[in-house]
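Worksheet: the structure to be examined is printed underneath.
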Amino acid sequence: MNRGQSQRTPVFSDFPRNRYDALEQAERLLRFKPSEWEYFLKILKRAEGWLSFTRGGIEIEWMHHRMNDTLQLSFIINTGHFENSAIYTFKLQELTHLKNNTQLGIEDCETE
């Protein structure tokens, strides 16, 4: 690729409407194995703050708010001229209940 050419921005204009679909999309984009995803969620539950990944031109942000015990998942696409984003909010207890959902590859996400 020439230096003058810009990288192609991924087509992700239709953000998932369902927040659980968005969670699955984040897992796929980050290419976590089921056990990695499980430990990643455990780490997010214990931490307070913000974590950001960029994958194929899509920024995936996680923000944990301890005061109200929520986790926010954001997808952001910045084309240079405009920014398109979607934010999904989860109570941490909801993520604990997902341990029974094999679609997400979460085998054991119990609170410790």
Next item on the list: Out of the residues in the stretch 78-112 that are part of a helix (DSSP H, G or I) and aliphatic (A, V, I, L, M), state the one that is modelled with the highest pLDDT.
Entry: Leu92
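Could you pull out the residue among Phe53, Phe32, Phe40, Phe75 that is modelled with pLDDT of 85 or more, closer than 24 Å to Arg17 by Cβ and in a loop (DSSP other than H, G, I, E, B)?
Answer to the selection: Phe32.
The values are calculated or read from the model by the stated rules, or taken from the named source; none is laboratory data. From a predicted model like this one, the values you see are computed outputs, not experimental measurements. Neighbour counts are summed over all protein chains in view; Cβ atoms, including those assigned to glycine, are modelled from backbone coordinates with ideal geometry.
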